[in-house]
Structure formats: structure tokens, C-alpha cells
1. Looking only at region 338-364, count every residue that is acidic (Asp, Glu) and surrounded by 21 or more Cβ atoms within 10 Å (Cβ to Cβ) and tell me the total.
2. Can you pull out the residues in region 322-365 that are touching a strand residue (DSSP E or B) at 6+ places or on another chain (Cβ under 9 Å) and hydroxyl-bearing (Ser, Thr, Tyr)?
3. Show me the helices (runs of 4 or more DSSP H) found entirely inside region 255-365 where at least 1 residues are among the β-branched types (Val, Ile, Thr), under 30 Å from Arg386 (Cα atoms) and touching a residue at least 40 places away in the same chain (Cβ under 8 Å).
4. Name the residues in region 394-416 that are in a loop (DSSP other than H, G, I, E, B), of a type in the set (A, V, I, L, M) and within 24 Å of the chain's Cα centre (by Cα), would you?
5. If you go through region 309-326 one residue at a time, do you hit one that is open to solvent by less than 20 Å² (accessible area, probe 1.4 Å), of a type outside the set (A, V, I, L, M, F, W, C) and closer than 24 Å to Ile188 by Cα?
6. Anything in region 200-253 that is free of Cβ contacts under 8 Å to residues at least 12 places away in the same chain and in a loop (DSSP other than H, G, I, E, B)? List them, or say none.
7. Every residue in region 47-81 that is under 13 Å from the mean Cα position of the chain (by Cα) and not in a strand (DSSP E or B), please.
8. Scan (1) open to solvent by less than 10 Å² (accessible area, probe 1.4 Å); (2) modelled with pLDDT under 95; (3) not aliphatic (A, V, I, L, M) for the single condition Phe367 breaks and write down its number.
Amino acid sequence: MRTFRTLDKKSDRTAFITQKFEETFGGPPTFVASAPGRVNLIGEHTDYNDGYVFPVAIDKYLNVAARKRSDRHVTLYALDVGDSWEFCLDTLSAIPPQAPAWSHYLIGVASLLQASGREIAGIDAVITGDVPIGAGLSSSAALSVAATFAFLTAGSEPETGESEAEKKDLAALCQRVEHEFAGVKCGIMDQTISLLGQENHALFLDCRSLEYEHVPLNLTEHAIAICNTKIKRELAASEYNKRRAECEKGVDILSQWIPGISSLRDIALTDFKKHEEELPALTQKRCRYVIEENARVLDAVSVLKGRSQSTSDNTNESLTQFGNLMNASHNGLRDDYEVSCKELDLLTDIARSTSGVIGSRMTGAGFGGCTVSIVHQDALEMFQTRITMEYHKQTGIEPEIYLCNVSDGAQVFRLF
């Protein structure tokens with residue numbers, strides 16, 4: 001059963017979108033489905049290799065204010081892009097060529113929910129949020145998850161989607177939306193953390209078994225700072241698929257010497273080093289990064305779990321170890337996986353040279369988007385000043401900096 005939360009209409013999360021819904025549809029919505037974006041602290045490009053990831057849900061959300069209709073029509077207004085689209089649940093066969101890109105996610109969600117046998121209903125909906133689009137913070141996954149909760153809430157009143165087993169199923173469904181309706185062969189991480197995020201915890205996720213553990217962060221003296229390069233990730237989708245193909249090629253070749261493997265997740269670093277020369281140079285670099293990154297995630301989780309259980313004074317030392325792993329992750333993404341760019345490298349260099357920063361790396365698919373840094377609270381003002389001044393000085397671009405709290409996963413807020 002999904003837990004509904006009753007909020008006053010003036011709540012920060014719901015007041016603005018409620019007003020816009022009333023302006024658009026001439027009456028109030030009955031609920032708001034809200035899903036967070038995410039930032040991955042370590043474990044990049046490992047998810048589609050059946051590996052390990054370590055993301056957090058952030059307090060930036062994609063919100064869908066909705067009201068059930070008496071018919072099977074869906075009327076959508078995407079406030080942030082000033083666009084609208086309509087479709088009928090009874091005629092979902094193929095996406096019309098004129099349908100805007102953002103609508104593909106909602107059409108895909110509706111199609112797959114119906115195909116799975118779940119009960120959904122037509123809705124009027126307004127969509128808006130503060131997850132930056134194109135920044136690598138998973139605005140598309142947040143949209144899919146929020147849309148899923150909106151359709152389910154309208155269609156199966158009472159509540160649906162609260163059990164963790166069902167959330168895993170819905171994460172897989174939202175992943176299929178990306179694959180089949182958006183053309184991006186993404187892994188399962190973004191949808192899972194948007195559904196299963198927990199306040200003040202990171203999610204250690206095994207992307208093969210979907211087993212997971214909420215790991216306390218205990219960042220009481222530190223903050224998560226996300227810096228947006230303002231560089232659009234125009235190469236991210238096409239290059240993402242190329243990297244995936246290289247990884248699959250590496251597995252196919254290495255299976256001749258390491259029997260029984262089905263993904264890079266199955267290959268230990270020691271075994272890889274014995275046979276890496278059998279791979280073409282480019283494939284070798286791609287595989288090396290993924291195998292090393294999986295090991296870094298496991299080390300990072302061990303460090304943080306040890307830190308949370310420690311009562312000694314070595315907790316800061318443990319956090320420093322975690323920061324070193326973040327730095328090594330970025331170096332691998334830059335040098336072996338080659339998905340960074342000069343702007344991402346510049347932001348990480350500025351961050352690492354700032355006192356009070358324990359680690360910094362690019363996050364997301366790459367080729368633009370954001371970096372994530374762990375910064376001591378006392379150093380935040382200096383960090384923001386240096387990032388803004390130095391980045392603008394060298395690029396002419398004003399970066400955006402988001403200081404984020406670690407939030408819960410998707411929720412539905414009942415308004416009436």
C-alpha cells in the first residue's frame with residue numbers, strides 16, 4: 001500500500017504546481033506525484049554492466065499534479081517547456097512522430113502499465129520540477145517514476161506501489177520506458193534510487209540481483225555540492241550506447257579465457273590483468289575502468305559502513321578515504337572511459353584544490369552535466385566563490401551550484 005501524505009496547499013512542494021493546475025484546467029488537482037532526481041556518489045557506467053552503484057536521492061523533484069478524468073483521455077501540460085500533449089489510453093500503439101520528446105516518457109509509462117495488467121485511468125496533469133534538465137541528475141527517470149505513480153494513483157485508488165518488491169518492479173518498468181520509448185539503453189540505477197531513496201542514506205545497489213542496502217552517510221559536518229557545467233550533454237546518448245557495446249565486446253572476447261562470465265561484473269581485476277592484452281586497445285581501456293570502478297564501489301561502501309559504526313576519532317580519516325575513491329573514479333572516467341570533458345575536468349580540479357573538499361568527480365553519463373563534491377560545511381562559502389570565479393574566468397560560463405540534502409524516494413501527496 002502506498003502511504004499518502006496530506007499536505008496543506010501552501011506546502012512548498014505543492015503550492016506552485018497546484019496554482020498552475022487550476023489556471024490550466026479550471027479547478028484543483030486531487031494529488032501530486034513527486035519523484036526526486038539523483039546524484040551518484042560513485043559507481044558510474046557500472047549499472048548496465050551488472051555492477052554496483054552508490055547513488056543518493058536529492059531534494060530536487062519532478063512533480064505531476066493530476067486529477068482523474070471520467071474518460072480514457074490524458075491531457076498533459078509541461079510547464080517548464082511551455083508545451084502540451086494529449087493521447088487516449090485506448091489507442092496506444094505507436095508514438096506519433098509529432099509527439100514532443102518529453103511526452104514519450106508518459107506515453108511509454110501508460111503503455112507498459114497497461115500491458116502489465118495494472119489498472120490506470122485518464123488524467124489531466126501539469127508537470128513541473130526543479131531537477132535540472134540535461135544536467136545528468138536523472139530528470140528523465142524522475143519523470144517516468146512520477147508519471148507511474150500518477151497513473152497508478154488515478155487508476156487504482158486505493159493505494160498501490162508501496163512495497164519494496166513492487167517498487168523494484170516499477171523501477172524495471174521505468175527502465176523499459178527509457179529503452180523502448182526514449183532509445184537510451186540505460187541501466188536500472190536511476191529509476192531504483194528515485195523510488196527507493198532514503199533520507200540521509202545512500203543506496204548500495206547490486207544492479208544484477210537488485211539487492212540493495214541503505215548505508216548511512218552521517219555527513220553532519222559535510223555537504224553534497226553539485227556543480228553544473230552548463231554544457232549540454234549532446235554526445236551522451238550516442239556515446240553511452242558505444243560504451244555499452246565496447247563493454248559487451250570485451251566480455252565476449254574474455255569469455256574465451258574466463259569461462260562462465262556474462263558481464264564485466266563477473267571479472268576480477270586480477271583475472272583481467274592476466275588477459276587484458278587479448279583485447280583491442282580501446283576495449284581494454286573501457287573494460288579496465290568498469291572493473292576497477294566496481295572494486296571502488298565495494299571499497300567505498302566498506303569505508304562508510306565502518307565509519308558509521310565507529311566511535312573513535314578515525315571517522316574523518318574514513319571520509320578522506322571515501323573522497324580519494326571519488327577522485328580515482330573521476331580519473332578513470334576521464335582517462336579510460338573517456339566520457340568526461342574539459343569543463344568537467346576543470347570543475348573537479350578547482351574543487352580538489354580547495355581546502356575542505358574531500359573528493360570530487362563527474363556524475364552521470366558525461367560529456368557535460370555535473371560534478372559532485374563532498375565539502376566541509378566551513379568551506380562551503382569558499383568553495384562556491386572559487387568554483388564560480390575560476391570556472392567563469394576560464395570558460396566564460398556562470399556555473400550553477402546546488403547544495404543538496406539527501407532525500408526520500410517518490411511519494412504521492414493527497415491534496416483533498
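The values are calculated or read from the model by the stated rules, or taken from the named source; none is laboratory data. Quick caveat: nothing in here was measured; it's all calculated off a predicted structure. Heads up, the Cβs are rebuilt from the backbone with ideal geometry, glycines too, and the neighbour counts pull from every protein chain shown. Each accessible area value is taken on the protein alone, full model and side chains, heavy atoms only, with ligands, DNA and RNA left out. Shrake-Rupley method; radii C 1.70, N 1.55, O 1.52, S 1.80 Å.
1. Counting residues in region 338-364 that are acidic (Asp, Glu) and surrounded by 21 or more Cβ atoms within 10 Å (Cβ to Cβ) gives 1.
2. Ser329, Ser340, Thr348, Thr354, Ser355, Ser360, Thr363
3. 281-309, 315-335, 342-352
4. Ala410
5. Of region 309-326, the ones open to solvent by less than 20 Å² (accessible area, probe 1.4 Å) are 318-319, 322-323, 326.
Okay, now just the ones that are also of a type outside the set (A, V, I, L, M, F, W, C), so 318, 323.
So of that shortlist, the ones also closer than 24 Å to Ile188 by Cα come out as none.
Scanning region 309-326, I find no residue that is open to solvent by less than 20 Å² (accessible area, probe 1.4 Å), of a type outside the set (A, V, I, L, M, F, W, C) and closer than 24 Å to Ile188 by Cα, so the answer is no.
6. Ser209, Glu211, Thr220
7. Kept after step one, since they are under 13 Å from the mean Cα position of the chain (by Cα), are these residues of region 47-81: 47, 53-62.
Asp47, the sole residue that qualifies.
8. Phe367 satisfies every listed condition except (1).
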